[in-house]
Amino acid sequence: MILDKEIKAQLAQYLQLMEGDVLLKVSAGSDEVSRDMLDLVDELANMSSHIKVEKTELQRTPSFSVNRAGEDTGVTFAGVPLGHEFTSLVLALLQVSGRAPKVDQKLIDQVKNIKGEYHFESYISLTCHNCPDVVQALNIMSTLNPGITHTMIDGAAFKEEVESKDIMAVPTVFLNGESFGSGRMTLEEIIAKMGSGSDASELSDKEPFDVLVIGGGPAGASAAIYAARKGIRTGIVAERFGGQIMDTLGIENFIGTKYTEGPKLAASLEEHVKEYTVDVMNLQRAKRLEKKDFIAVELENGAVLRSKTVILSTGARWRNVGVPGEKEFKNKGVAYCPHCDGPLFAGKDVAVIGGGNSGIEAAIDLAGIVKHVTVLEFAPELKADSVLQERLYSLPNVTVIKNAQTKEITGTDKVNGISYIERETGAEHHIELQGIFVQIGLVPNTDWLEGTLERTRMGEIVVDNHGATSVPGVFAAGDCTNSPYKQIIISMGSGATAALGAFDYLIRN
Ligand SMILES: Cc1cc2nc3c(=O)[nH]c(=O)nc-3n(C[C@H](O)[C@H](O)[C@H](O)COP(=O)(O)OP(=O)(O)OC[C@H]3O[C@@H](n4cnc5c(N)ncnc54)[C@H](O)[C@@H]3O)c2cc1C
């Protein structure tokens, strides 16, 4: 039995929601993965009279496609979609059976209107928490539009294919055989990337806002809710709604909630914001701010939005190590997300750059998967909490090198090593390895504001205790500010402060 009792009980409830018949076309061999896949489809078929199974030969073995009776939908799973992808399989069964996906009608219409033939392939790992969003979005597209197909490929089951395509990060998506993108992507992002999203003139035609929030992370969401609850005209522009929490696995310090996961919290933030009259402009990046009669915010697509007040909550991003080879080999051995990409380095040698909490957590995680981990720390001591250091030093396949300055990431078409300088002696060393995880903290997303308002040496926006910046009417909150601590709950609090500060400013001016 491939599914345990508890999962089967939950699954039985979901399968009751199926609205029509589904035919699983199965391409299996005699290998172990094929046997597991056959076990899985047999168990599914035994649990619902709506599910039928038929043997066939597909492009990849082992794989199976999920079809409506008499019609191929183009949704295929290559490998066994368990782990994080089990939900993707359950949703595919429900959606192919006729249940409508839970996405905005606007997006459904956009997908249905896409003309042409689009064959997507997504390479994933079953432990990647960013992958299901991409798999589920592409499956929805495939179910809604007969010109679109999607195959999810488990990299662990198709190692040779993954190596031949030099895939070193998941999810990695190919469209019609060409690289399309990697990392987490929502349905909205995929549609926009295909050139079928909303345009600039639609945005420029909007009436001025009372409060315009730039950034859709915890700080921006909180600011938008507080502003909208005052009954004033509120808009929110976000490059990617959710912010950093979209890349966060477990959250245990969001007070009042013992445990949650980043994408789940992001979904509930979005739902909460949409409870109010907030104009959400997702997938839009601000590039310039200018104070005239109104505050004008220009977006990358050329649109200009106007507002009486602005709240900047653009957060932060991974800091790059900034040495030759980092940019060239990004996703070709240079990675930033150990949870996502760790499994692709199974049995290989890797390095983690950075000895803070995130670096040491990454090294501990990776040590369970890869052959050997070298931690390179610039300072004479690791900065991680002592409990993490103790755990690290108890592992047999980890080497820690302190006082090490990374000089270069080497490789040909992918990473083959790292050079560093021993800071005490100046001696240069080179380690041969296949993967490098960069974990050296974050930088604020404020470069676009250079010369506009006061920032610290680190680029953080300077705010007072009302969240006000050096420009009247412009407020800021969260990780992009000079707040000494960067946490979800702190960002939310400062988002609320900035919104109340902006409201106060509107009353007085
Ligand atoms: C791996 C990881 C794990 C973490 N774990 C925890 C934890 O367990 N507990 C905890 O409390 N904190 C944790 N944090 C920190 C926490 O996620 C941040 O403090 C919090 O997300 C900051 O919220 P924010 O809204 O200020 O910024 P962000 O979350 O960074 O959001 C910024 C928003 O601005 C948008 N944006 C950026 N530039 C532009 C632009 N030019 N135009 C338009 N939009 C833009 C982004 O797309 C995003 O929507 C973690 C962080 C990371 C990276």
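So the check is Cβ under 9 Å with 6+ separation or different chains; which pairs have a first residue in region 210-227 that's under 13 Å from ARG240 (Cα atoms) and a second one that's within 7 Å of the ligand (Cβ to nearest atom) and basic (Lys, Arg)? Close Cβ pairs (under 9 Å, with a partner that is within 7 Å of the ligand (Cβ to nearest atom) and basic (Lys, Arg)) amount to GLY216/ARG240; GLY217/ARG240.
Residues of region 273-303 that are within 15 Å of the ligand (Cβ to nearest atom), more than 25 Å from the chain's Cα centre (by Cα) and either among the polar types (S, T, N, Q) or not in a strand (DSSP E or B) (or both): GLY302, ALA303.
Number of residues in region 119-142 that are modelled with pLDDT of 95 or more and either in a strand (DSSP E or B) or acidic (Asp, Glu) (or both) equals 6.
If a residue has to be more than 11 Å from the ligand (Cβ to nearest atom), surrounded by fewer than 24 Cβ atoms within 10 Å (Cβ to Cβ) and in contact (Cβ under 8 Å) with a residue 60 or more places away in the chain to count, how many in region 470-492 make the cut? Steps first, answer last, please.
Kept after step one, since they are more than 11 Å from the ligand (Cβ to nearest atom), are these residues of region 470-492: 470-475, 482, 484.
So of that shortlist, the ones also surrounded by fewer than 24 Cβ atoms within 10 Å (Cβ to Cβ) come out as 470-473, 482, 484.
In the following step, the residues that additionally are in contact (Cβ under 8 Å) with a residue 60 or more places away in the chain were identified as 471-473.
The total comes to 3.
Residue-level analysis places VAL80 among those that are over 20 Å from the mean Cα position of the chain (by Cα), closer than 24 Å to VAL33 by Cα, in the same structural domain as VAL135 (by TED's automatic domain parsing) and part of a loop (DSSP other than H, G, I, E, B).
Each residue in region 435-455 was checked for being in contact (Cβ under 8 Å) with a residue 24 or more places away in the chain and among the small types (Gly, Ala, Ser), and 2 pass. Applying the criterion of being at pLDDT 95 or above and basic (Lys, Arg) to the residues of region 1-53, the residue that is nearest to GLU71 (Cα to Cα) is LYS25.
Scanning region 99-135 for residues that are among the small types (Gly, Ala, Ser) and closer than 23 Å to ARG68 by Cα yields ALA100, GLY116, SER122. Going residue by residue through region 209-218, is there one that turns out to be modelled with pLDDT under 90 and either outside the structural domain of GLY116 (by TED's automatic domain parsing) or over 20 Å from TYR123 (Cα atoms) (or both)? Among the residues of region 209-218, not one is modelled with pLDDT under 90 and either outside the structural domain of GLY116 (by TED's automatic domain parsing) or over 20 Å from TYR123 (Cα atoms) (or both), which makes the answer no.
So, GLY417, is that one touching a residue at least 40 places away in the same chain (Cβ under 8 Å), more than 23 Å from the chain's Cα centre (by Cα) and closer than 17 Å to VAL321 by Cα or not? Steps first, please.
Values: touching a residue at least 40 places away in the same chain (Cβ under 8 Å): no; more than 23 Å from the chain's Cα centre (by Cα): yes; closer than 17 Å to VAL321 by Cα: yes.
The answer is no for GLY417.
Taken over region 73-130, the criterion of being under 26 Å from LYS25 (Cα atoms) and of a type in the set (S, T, N, Q) is satisfied by THR73, THR76, THR87, SER88, GLN95, SER97, SER122, SER125, THR127.
The values are calculated or read from the model by the stated rules, or taken from the named source; none is laboratory data. On a predicted model such as this, the values are computed, not experimentally measured, just so you know. Using ideal geometry, Cβ is built from the backbone for each residue, glycine included, and neighbour counts are taken over all protein chains shown.
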